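J.: Dropping the structure in here first, questions after.
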Amino acid sequence: MHFQGIIVGAATFLIIGLCHPLVIKGEYYLGRKLNVLLAIGGIASAVSSVFIDNQVIATIMGALAFSLFWGIKEVYEQELRVKKGLFPMNPKRKDHYDRL
């Protein structure tokens, strides 16, 4: 039996599941500064996936890279969700939300 597909699927599921709260909490505390961290992590994951010989790990690193890149877009959408009142606003960043 070959379990590579199940392993990659489970890892991708976990990565996506972890990125969602990362964006929510990161936007709350860091705002758009989180995008820099997501971009660095995404680029590092993408580059590492090219140089890893193990196909399963390389695939997981690619999934991580593009989940982090997707997170950049989600930070902007999270700001709008906060503005609509769907998520709590960080009171220290109230001026930022007022400018949106």
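The values are calculated or read from the model by the stated rules, or taken from the named source; none is laboratory data. What you are looking at is a predicted structure, and each value in this text was computed from that prediction instead of being measured. Neighbour counts are summed over all protein chains in view; Cβ atoms, including those assigned to glycine, are modelled from backbone coordinates with ideal geometry. For the accessible areas, the whole protein counts, side chains as well, though only heavy atoms, and no ligand, DNA or RNA atoms are used. Shrake-Rupley method; radii C 1.70, N 1.55, O 1.52, S 1.80 Å.
J.: Is there a quick way to get the dipole size of the chain? I mean about its Cα centre, with the Cβ of Lys and Arg at +1 and of Asp and Glu at -1; what is the value in debye to the nearest 20?
T.: 500 debye
J.: So what's the back-of-envelope 222 nm ellipticity for the chain, counting only DSSP H runs of four-plus at -39500 (n - 2.57) apiece and dividing by all residues, rounded to 500?
T.: -27500 deg cm²/dmol, from helical runs alone.
J.: What's the angle, to the nearest 10 degrees (0 to 90), between helix 55-83's Cα axis and the longest principal axis of the chain?
T.: Helix 55-83 sits roughly 10 degrees off the main axis of the chain.
J.: While we're here: Please give the solvent-accessible surface of residue 56 in Å², to the nearest 10, using a probe radius of 1.4 Å with every protein chain present.
T.: 30 Å²
J.: Also, quick follow-up: Could you give the angle, 0 to 90 degrees to the nearest 10, between helix 34-51's Cα long axis and the longest principal axis of the Cα atoms of the chain?
T.: The two axes meet at around 10 degrees.
J.: Pairing the Cα long axis of helix 4-30 with the longest principal axis of the chain, what angle in degrees results, from 0 to 90 and rounded to the nearest 10?
T.: 20 degrees
J.: Continuing with the same structure: When a/c reaches 1.5 or more, the comparison of a/b and b/c decides; with that in mind, is the chain rounded, prolate or oblate per its Cα gyration tensor?
T.: prolate
J.: With every protein chain kept in place and ligands, DNA and RNA left out, what is the accessible area per residue of the chain? Probe 1.4 Å, answer in Å².
T.: 68 Å²
J.: Okay, moving on. Return P(r) of segment 53-100 (all Cα-Cα pairs; 5 Å bins starting at 0; whole %; ordered from short to long distances).
T.: All Cα pairs considered, the percentages come to 5, 18, 19, 15, 10, 10, 8, 7, 5, 2.
J.: Follow-up question, since we're still on this one. Considering only DSSP states other than H, G, I, E and B, which trypsin sites (Lys or Arg not before Pro) in segment 26-94 qualify as loop sites with at most 13 other Cβ atoms within 10 Å?
T.: 84
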